[in-house]
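First comes the structure, then the notes that go with it.
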Amino acid sequence: MENIPLYKDASQPVEARVEDLLSRMTMEEKIGQMTQSYGGEYASEEEYVAAIRAGKIGSRIGCDTPWAGSAPVKGINVVQSNAHQKVAVEESRLGIPLINGRDIIHGHRTVAPIPLAQAASFDPEEVKASARTAAIECSAQSIHWTFAPMMDICRNPRWGRVIETLGEDPYLAEEMAVAMTQGFQGDDQTKEDCIAACAKHFAGYGYCEGGRDYDASEISRGTLHNVVLRPFKAAVTRGKISTIMTSFQDNGGTPSSSSNFLLREMLREGWGFDGFVVSDWGSIQQVELWGAAQDKKDVVRKCLLSGVNMEMINNLYPKYVAELVAEGEVPQQIVDDLVRGILRIKFRLGLFEKPYVDIEERAKDIRKPEAIAAVRKQAANCMVLAENNGILPLEGDALKGLRIALVGPMVNERRSMGGAWNTGGFTEEFTTIHEAFKEAEKKYGFKLIVHDSELWDAQVRTAAFLADMIICCVGEHCDMTGEMPSISKYRLPLGQDDLIEAVRTTGKPFVVVCTSGRPLPVPGARDFADALLYSWHGGGETARAIVDVIFGEAEPTGRFPITVPEHEGQIPIYYGRKIPGKVVECNKDRFNKERKGQLDKPWIYGSYEYFLPMYPFGYGLSYTEFALSDIKLASAEIPYGGTNKVTAVVENIGNRAGTTVVQCYLADPRCMISRPCKELIGFKKLRLEAGEKREIEFEIGEPAMGFYDENGVRHVEAGEFKIGVGFDSDVELDMSFTMAK
Ligand code: NOJ
């Protein structure tokens with residue numbers, strides 16, 4: 001080990017290596033480490049490579065080929081990644097490897113369900129396994145770092161990026177964010193198939209006003225601490241996440257990318273984060289556009305002082321950092337600390353030891369049959385069965401010769417199955433619903449009728465004559481979701497409600513499958529269809545998973561991770577609302593009774609229609625029925641600072657095996673601040689055989705009872721707590737206990 005600098009010695013502790021390397025770096029090299037480039041900022045690959053050689057680029061984003069004239073490569077150009085890495089490692093002065101980042105959001109070559117759908121699975125173990133597969137596949141193609149999980153709480157599904165969120169609830173988002181982080185990062189980050197994860201967008205992007213992407217937000221400190229920041233804190237403290245991405249938006253006058261409060265007070269001083277923060281694409285520049293700085297140089301000053309280690313896309317840092325330090329506007333110590341964070345993660349990832357990918361060796365990790373089977377199963381597990389009068393699953397002798405018609409705009413749709421953030425899967429590897437049913441025709445013995453007409457009235461008429469039942473495939477194209485495409489009309493795209501109505505008037509039994517990124521309201525299906533299944537954009541195997549679910553090979557075990565509004569005027573609508581000071585009687589039974597047969601008279605419901613969503617958070621049906629009994633609190637009174645426990649017996653009272661999600665909610669009705677009417681504090685997903693019973697328990701400890709005041713100080717207050725256990729967020733909190741003073 002002689003003659004090699006200490007920082008290259010893997011047996012040395014990471015911190016010693018960081019200090020040794022930092023002490024050898026010039027200012028220009030430090031700024032290089034703080035710079036991420038996609039390549040497009042350079043006119044040619046030669047110029048880009050020269051910048052890597054000069055130590056001016058510390059990270060690549062994308063790893064495809066943005067230069068005119070480069071050989072077109074589908075997806076990531078791994079050969080080129082290795083070549084660029086070789087320049088960084090073998091031709092730059094200090095040989096610091098590049099860290100390659102890319103949006104690996106829901107699977108990579110094997111495309112998994114969109115994150116919102118994954119949250120619907122209420123299955124953190126499966127979510128973790130799915131992220132692990134994505135990490136294995138993308139690391140085999142030179143990616144060391146993903147910009148996921150996104151953990152923006154979203155209570156406005158008009159926002160196109162709702163698909164990438166983990167839903168409306170902080171507890172569910174915490175559990176899912178930690179699971180995804182652990183899946184991506186693995187248990188030993190130095191392993192070549194473990195990558196760095198990135199908690200984004202820090203913070204409050206999901207609260208963009210009106211669900212308009214990139215718009216400003218107005219989040220109170222109370223909501224910030226008790227809702228928005230919770231998954232981030234969990235990802236840092238429990239998940240040990242390596243990196244954080246700032247968000248584009250301005251919250252109440254401070255853009256997140258220059259927020260000292262978020263990036264220093266909360267993240268570093270509060271939670272002890274020691275990895276690095278990357279800006280979002282151009283979000284540093286946007287601080288100037290928001291008008292929250294005097295000029296570009298002032299923006300960089302603010303972002304450095306608040307703690308943005310790396311600028312995504314080479315833009316302002318290279319221009320101003322050295323100048324600001326020379327002028328004494330930013331202490332050298334601050335820049336050094338920011339560089340430390342980046343080097344620390346590069347060392348933790350083992351990049352100095354294993355900078356390259358063995359392309360041939362790792363090719364075996366791409367699209368393994370077991371990975372494809374796993375996303376197919378996961379897609380089914382994420383699906384939410386919202387209505388079913390017993391028609392599903394289609395099984396048994398009745399299927400033989402049954403004439404099933406497929407109609408609707410999603411029947412032949414391929415690309416949308418992969419979802420808006422598919423950056424690694426090949427569309428031609430996805431199956432359409434039509435193809436999946438065709439594959440299944442022989443196996444199940446039904447007869448498929450698909451009228452290949454773009455005109456759905458022709459499809460419906462043909463189906464009406466020929467079919468015994470109709471499967472109506474509605475939904476939204478993936479291009480209507482994701483970054484930028486927010487929608488103002490929260491409903492099925494043009495004509496699809498009419499299509500459902502046309503299907504209804506055929507008088508044939510019908511099932512509606514909604515393949516979308518958002519849980520769109522489908523009132524015609526809720527009121528008239530024999531079944532309604534939300535399949536989401538469930539990844540490359542969505543269509544086959546729909547077939548599995550419809551024919552009972554798999555169960556739709558998902559539950560809505562976000563409230564489904566009945567009308568767009570209700571938005572934002574979420575279960576954990578505050579109880580209004582002026583109580584409005586909202587009687588659900590009466591509402592439902594009045595609604596029947598009065599669909600053309602919305603004024604009849606008066607104020608009810610503002611409050612009652614189409615489906616509540618946590619709702620979803622199984623193929624069997626479950627009952628809860630013996631729901632008991634361990635103690636009616638606990639000492640101050642103590643814990644409690646609630647137990648219940650779950651029984652499968654149907655006649656087939658099945659899966660359910662039991663949920664526990666808490667309320668703290670009298671408190672120094674007002675708190676939500678209920679909050680999810682635990683869930684258990686379990687599969688029981690027909691007739692099987694199982695006792696479950698939920699711990700009620702500080703994480704469930706505690707809250708933050710508006711200064712971010714955590715409290716648990718003595719007094720009454722209410723508890724309810726049920727199958728969705730509509731549950732009554734009918735038990736209570738007291739915590740003594
Ligand atoms: C902008 C998006 O907001 C962010 O989520 C993403 O990771 C970056 N672009 C990089 O593609």
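Structural remarks
- Test: residue 40 is open to solvent by less than 60 Å² (accessible area, probe 1.4 Å), modelled with pLDDT of 95 or more and more than 21 Å from residue 196 (Cα to Cα): no
- Within the stretch 336-369, tally of residues that are part of a loop (DSSP other than H, G, I, E, B), surrounded by 20 or more Cβ atoms within 10 Å (Cβ to Cβ) and aliphatic (A, V, I, L, M): 3
- Subset of the stretch 109-134 (residues that are of a type in the set (A, V, I, L, M) and buried (at least 24 other Cβ atoms within 10 Å of the Cβ)): 111, 112, 114, 116, 117, 119, 120, 127, 131, 134
- Positions within the stretch 43-64 being within 16 Å of the ligand (Cβ to nearest atom) and either on the phi > 0 side of the Ramachandran plot or modelled with pLDDT under 95 (or both), in sequence order: 62, 63, 64
- Taken over the stretch 508-534, residues that are in contact (Cβ under 8 Å) with a residue 40 or more places away in the chain, open to solvent by 10 Å² or more (accessible area, probe 1.4 Å) and within 20 Å of residue 468 (Cα to Cα) amount to 4.
- For the stretch 202-214, the set of residues classified as open to solvent by less than 10 Å² (accessible area, probe 1.4 Å) and touching a helix residue (DSSP H, G or I) at 6+ places or on another chain (Cβ under 7 Å) consists of 202, 203, 204, listed by residue number.
- Beta carbons closer than 8 Å, at least 6 apart along the sequence or on distinct chains, pair a first residue in the stretch 482-503 that is over 25 Å from residue 215 (Cβ atoms) and open to solvent by less than 30 Å² (accessible area, probe 1.4 Å) with a second that is acidic (Asp, Glu) and modelled with pLDDT under 95 for 502/457.
- Count of residues meeting criterion [touching a helix residue (DSSP H, G or I) at 6+ places or on another chain (Cβ under 7 Å) and either more than 19 Å from residue 739 (Cα to Cα) or aromatic (Phe, Trp, Tyr) (or both)] in the stretch 712-729: 2
- Answer residue from the stretch 283-318, given it is open to solvent by 10 Å² or more (accessible area, probe 1.4 Å) and assigned to a loop (DSSP other than H, G, I, E, B) and is nearest to the ligand (Cβ to nearest atom) among those: 313
- Test: residue in the stretch 263-282 that is of a type in the set (Val, Ile, Thr) and either more than 27 Å from residue 145 (Cβ to Cβ) or open to solvent by 10 Å² or more (accessible area, probe 1.4 Å) (or both): no
Conditions tested, residue by residue: (1) of a type in the set (A, V, I, L, M, F, W, C); (2) in a helix (DSSP H, G or I); (3) modelled with pLDDT of 95 or more; (4) within 23 Å of the chain's Cα centre (by Cα).
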site: 448; (1), (2), (3), (4): yes, no, yes, no
site: 459; (1), (2), (3), (4): no, yes, no, no
site: 471; (1), (2), (3), (4): yes, no, yes, no
site: 484; (1), (2), (3), (4): yes, no, no, yes
site: 488; (1), (2), (3), (4): no, no, no, yes
site: 491; (1), (2), (3), (4): no, no, yes, yes
site: 498; (1), (2), (3), (4): no, yes, yes, no
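- Residues of the stretch 612-664 classified as open to solvent by 20 Å² or more (accessible area, probe 1.4 Å) and touching a helix residue (DSSP H, G or I) at 6+ places or on another chain (Cβ under 8 Å), total: 4
- Residue in the stretch 728-741 that is touching a Ser or Thr at 6+ places or on another chain (Cβ under 7 Å), farther than 29 Å from residue 219 by Cβ, surrounded by 15 or more Cβ atoms within 10 Å (Cβ to Cβ) and of a type outside the set (Phe, Trp, Tyr) present: no
- Some residue of the stretch 175-191 being open to solvent by 10 Å² or more (accessible area, probe 1.4 Å) and touching a Phe, Trp or Tyr at 6+ places or on another chain (Cβ under 6 Å): no
- Looking only at the stretch 99-135, residues that are within 24 Å of residue 189 (Cβ to Cβ), away from the ligand (no atom under 16 Å from the Cβ) and assigned to a loop (DSSP other than H, G, I, E, B) come to 3 in all.
- Exactly one residue among 74, 86 is among the charged types (D, E, K, R) and part of a loop (DSSP other than H, G, I, E, B), and that residue is 74.
- Annotation note: Cβ proximity below 9 Å between a residue of the stretch 59-70 that is part of a loop (DSSP other than H, G, I, E, B) and a residue that is open to solvent by less than 50 Å² (accessible area, probe 1.4 Å) and within 12 Å of the ligand (Cβ to nearest atom) (sequence gap 6+ or interchain) occurs for 62/101; 62/102; 62/103; 62/423; 63/101; 63/102; 64/102.
- Look at (1) away from the ligand (no atom under 16 Å from the Cβ); (2) crowded, with 24+ Cβ neighbours inside 10 Å and you find that residue 255 fails only one, number (1).
- Scan the stretch 215-252 for residues that are surrounded by 20 or more Cβ atoms within 10 Å (Cβ to Cβ), assigned to a loop (DSSP other than H, G, I, E, B) and in contact (Cβ under 8 Å) with a residue 60 or more places away in the chain and the total you get is 4.
- Verdict on residue 186 being within 15 Å of the ligand (Cβ to nearest atom) and modelled with pLDDT of 95 or more: no
Residues are listed down the side, and each one gets a yes or a no for (1) within 14 Å of the ligand (Cβ to nearest atom); (2) in contact (Cβ under 8 Å) with a residue 60 or more places away in the chain; (3) assigned to a loop (DSSP other than H, G, I, E, B):
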residue: 142; (1), (2), (3): no, yes, yes
residue: 153; (1), (2), (3): no, yes, yes
residue: 156; (1), (2), (3): no, yes, yes
residue: 168; (1), (2), (3): no, yes, yes
residue: 182; (1), (2), (3): no, no, no
residue: 194; (1), (2), (3): no, yes, yes
residue: 199; (1), (2), (3): yes, no, no
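The values are calculated or read from the model by the stated rules, or taken from the named source; none is laboratory data. Keep in mind that what you see is a predicted model, and the values were worked out from it rather than measured. We place every Cβ from the backbone using ideal geometry, glycine too, and count neighbours over all the protein chains shown. Note: accessible area is taken over every heavy atom of the protein model, side chains too, but ligands, DNA and RNA are not part of it. Shrake-Rupley method; radii C 1.70, N 1.55, O 1.52, S 1.80 Å.
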